[in-house]
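What follows is a set of notes on a single structure, which appears directly below.
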Amino acid sequence: MEKKISDSKIEQVYQVRPEHLNGAGRLFGGRLMEWIDEAAGLVGIRHSQCNVITASVDNLRFIRGAYQNDLLVLAGRLTYVGTTSMEVRVDTYVETLDGIRRPINRAYLTLVAVDKDGSPTKVPSVILETESEKAEWEAGKRRRELRIQRKKEGF
């Protein structure tokens, strides 16, 4: 079975509340990491149509902070799939009241689809429709090779 990248895209919106702030008055990075993991998981569930586990966070780049009352938009989409694994990119934006989005974070996560017993299970392949999806797929293959190399080196 094949699925389109667009079939599993998600967007989630959060408003930064006082309980989400660190001592410096910014969004606590751990909270954002939780939301990113949740968004990536939803992409993986939509694509695989089964439960998923997070195997790794490959890149988590904080570009700028977020503050109380900011609206955050997390946009997740598949970038690469293997036999049982999926790479998901999650972009986080601060959205102003007039709808302008400024990027604050980008992360790549690897998820593994699991069956009811918790064993890895096959995921559908993807249909790449746009040049952007094809470029991200090629970059995803390179990131996968780097993850394999790092694993061999003990990282």
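The values are calculated or read from the model by the stated rules, or taken from the named source; none is laboratory data. In this text, all values refer to a predicted model and were calculated from it rather than measured experimentally. Counting neighbours? That spans all protein chains shown, and the Cβs are built from the backbone with ideal geometry, glycine included.
Y93: at pLDDT 95 or above, surrounded by 18 or more Cβ atoms within 10 Å (Cβ to Cβ) and in contact with a Pro (Cβ under 6 Å, 6 or more places away or on another chain), yes or no? So Y93 passes the test. The residues of segment 98-115 that are touching a residue at least 60 places away in the same chain (Cβ under 8 Å) and either among the aliphatic types (A, V, I, L, M) or over 20 Å from A40 (Cα atoms) (or both), listed by number, are A107, L109, L111, V112, A113, V114.
Name the single residue, out of those in segment 27-57 being of a type in the set (D, E, K, R) and under 10 Å from the mean Cα position of the chain (by Cα), that is farthest from K151 (Cα to Cα). Once the filter is applied, the top-ranked residue is E38.
Of all residues in segment 1-25, those being over 15 Å from V43 (Cα atoms) and in contact with a Lys or Arg (Cβ under 6 Å, 6 or more places away or on another chain) number 1.
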